[in-house]
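S.K.: Can you read through this structure? Questions will come right after.
The values are calculated or read from the model by the stated rules, or taken from the named source; none is laboratory data. Given the structure is predicted, the values throughout are model-derived calculations rather than measurements. Quick reminder, even Gly has a Cβ in these numbers, built from the backbone with ideal geometry, and neighbours come from all protein chains shown. Just so you know, the surface numbers come from the protein's heavy atoms only, side chains and all, with ligands and any DNA or RNA stripped out. Shrake-Rupley method; radii C 1.70, N 1.55, O 1.52, S 1.80 Å.
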Amino acid sequence: MSAGPPTASLALPGAPAPWRSDVMLFAGTLLVLLAWFVGPFGVYDLYEYAQDAEALWLGGRWDMRLEHLGPRGEVYSRFSIGLPILSGPFVLLGAGLERLSGGAFPQRWLMALMSPLASAGAAVALAGIARALR
């Protein structure tokens, strides 16, 4: 007989350990996101995002207005707010890694992984929150 009250387990019978399901969720989400980046539009979006992020963080270019005006003389900005701003640490780490490796590790590799890694990490964090709220 146990001295204390019985404890309820949150795990379902036969379910994998939470860390295993987190690893599977992270890997699956990462593979799906990496598959989305294959093709002309995914690669082109990554290229544009990389150029914007490098101009912002390495070049100090906060003003991303287009050179040509709109049809009625409007000024448009080519700056996308989200990823280039959030990826600052990845841009700076990538530039440092490229410098330290003598160019063997291009800076855009690390920067290109920012979006899939952050998204897969967010999926795992949300799954952990859902488990805690259950």
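Results for (1) touching a strand residue (DSSP E or B) at 6+ places or on another chain (Cβ under 9 Å); (2) modelled with pLDDT of 80 or more, shown as yes or no for each residue.
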site	(1), (2)
Ala15	no, no
Thr29	no, yes
Met64	yes, no
Leu93	no, yes
Gly96	no, yes
Leu113	no, no
Ala120	no, yes
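S.K.: Kindly evaluate Gly73 against the criterion of being open to solvent by less than 90 Å² (accessible area, probe 1.4 Å) and either part of a helix (DSSP H, G or I) or closer than 14 Å to Ala50 by Cβ (or both).
M.R.: Considered against the rule, which asks whether it is open to solvent by less than 90 Å² (accessible area, probe 1.4 Å) and either part of a helix (DSSP H, G or I) or closer than 14 Å to Ala50 by Cβ (or both), Gly73 comes out as no.
S.K.: With respect to the numbered conditions (1) in a helix (DSSP H, G or I); (2) of a type in the set (Gly, Ala, Ser); (3) more than 17 Å from Leu33 (Cα to Cα), which one is the sole condition not fulfilled by Ala118?
M.R.: Single failed check for Ala118: (3).
S.K.: Any residue at all in region 81-90 that is part of a helix (DSSP H, G or I) and exposed (fewer than 11 other Cβ atoms within 10 Å of the Cβ)?
M.R.: For region 81-90, residues part of a helix (DSSP H, G or I) and exposed (fewer than 11 other Cβ atoms within 10 Å of the Cβ): present.
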